[in-house]
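Before any comments, here is the structure.
Rule-based calculations on the coordinates, nothing more; no lab input. Quick caveat: nothing in here was measured; it's all calculated off a predicted structure. Cβ sites come from the backbone with ideal geometry, for glycine too, and all protein chains shown count toward neighbours.
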């Protein structure tokens with residue numbers, strides 16, 4: 001375990017509105033602390049509910065050494081369990097996703113129902129009580145079709161987040177979608193550098209030509225750096241959104257989350273090379289393809305774009321102090337037909353290019369942060385979201401060290417069906 005005195009010293013060294021001291025980005029001991037203090041204690045985005053369409057559909061995700069199984073049970077409810085057999089601890093589901101009528105451990109063939117109850121434990125003696133050996137459950141919350149999980153025994157309250165973002169997301173009906181494409185890539189950078197790169201567009205003009213063909217780089221409707229044309233565009237689009245009854249002003253998410261609707265450039269309606277629609281069938285009951293993008297972010301591992309014609313989810317999970325896995329998922333209306341309503345290459349090309357560019361930038365950032373020449377540097381005014389994120393992160397670590405969460409233990413709730 002890392003010495004708390006060392007962490008407190010690093011936190012004391014941190015300056016507000018500056019990047020973090022080096023160990024937070026490079027040290028494996030700090031990485032393990034991040035797993036304990038952040039990823040084992042926070043709500044994590046797992047997937048969209050449409051990815052678990054039928055009973056028995058499942059996916060797995062790895063949070064450090066802990067594998068979590070997320071599935072839809074026979075009653076249509078989405079559940080999550082530690083992907084660990086109650087016999088001797090073997091992993092049960094070995095694939096990233098799949099379908100199963102029952103969950104059978106490949107080691108000694110203990111069999112579990114989709115509600116986590118142990119159905120069969122062969123060769124166990126008379127008197128063995130199966131009821132005490134169901135899969136250990138993980139907390140699940142669904143926010144507009146987005147599946148969040150939490151490993152903590154007592155998770156943080158997610159109510160404020162749900163209440164704040166639902167009016168923005170619900171018109172797009174994320175639960176009535178299907179996966180058009182999904183790409184997983186490894187970034188050679190600390191997870192915080194990946195998040196920080198996403199939280200600012202200071203770097204966009206020099207690095208993201210495909211993205212800026214459509215995306216307005218300003219992050220606020222009254223951004224002081226915005227041009228007169230941006231202000232006029234914002235006024236016109238805000239009036240339209242008001243007519244449609246669509247909220248668009250920044251939600252009050254503090255340092256924890258962000259949700260806002262912002263326009264595309266004039267003449268652009270979607271993330272495509274020429275700004276044309278990416279999917280001919282709009283989401284939910286929407287009728288106007290030009291609704292801009294709801295940009296939603298929640299610490300510690302998820303950012304999203306909700307458009308009139310498609311949705312993009314981005315999910316990160318740390319692999320080590322210097323490696324992070326990013327999963328990008330494109331969703332379209334559940335009834336959209338590939339080759340008729342949308343083309344996968346057109347749908348994904350802008351963000352495939354942008355993700356590759358960001359991966360290179362984050363890797364270069366990691367190399368520089370690891371140098372003897374690194375010292376924390378000041379954020380530009382446009383990087384205010386980095387200040388929000390690093391302040392949240394520093395408070396999270398301090399709270400963990402102070403035991404404010406009762407040194408949250410991993411959830412050990414056992415499912416008995």
Return the whole-Å distance between the Cα centroid of segment 91-135 and the Cα centroid of segment 220-284. 48 Å
Between residue 17 and residue 107, what is 0.36 nm times their sequence separation minus the Cα-Cα distance? Round to one decimal in nm. 27.3 nm
Note to self: C-alpha centroids of segment 24-85 and segment 285-326 sit apart, in Å, by 17 Å
Of all alpha-carbon pairs in segment 71-143, indicate the percentage at a distance above 17 angstrom. 42 percent
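Using the Cα atoms of the chain to build a convex hull, what is its mean projected area in square nanometres?
21.2 nm²
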At a threshold of 8 angstrom on Cα-Cα distance, excluding pairs fewer than six apart, so keeping six or more, what relative contact order does the chain reach in percent? 23 percent
For residue 243 and residue 225, extending 7 Å from Cα along the Cα-Cβ vector and measuring point to point gives, in nm, a value of 3.2 nm
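How large is the helix-only mean residue ellipticity at 222 nm for the chain, computed as the sum of -39500 (n - 2.57) over DSSP H runs with n ≥ 4, divided by its residue count, in deg cm²/dmol to the nearest 500?
It lands at -8000 deg cm²/dmol.
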Under 8 Å for C-alpha pairs, at least 6 residues apart: give me the relative contact order for segment 160-369, rounded to a whole percent. 32 percent
Take peptides 296-304, 122-130, 377-385, 213-221 and line them up by average Cβ neighbours within 10 Å, highest first, as a rough protection proxy. 296-304, 213-221, 377-385, 122-130
Sites residue 91 and residue 29 - FRET efficiency at Förster radius 30 Å, r taken between beta-carbons, to 0.05: 0.70
Scoring segment 276-417 by relative contact order with C-alpha pairs under 8 Å, at least six apart, yields a percentage of 16 percent
How much length is gained if the chain between residue 178 and residue 124 is pulled fully straight, taking 0.36 nm per residue apart and subtracting their Cα-Cα distance, in nm to one decimal? 15.2 nm
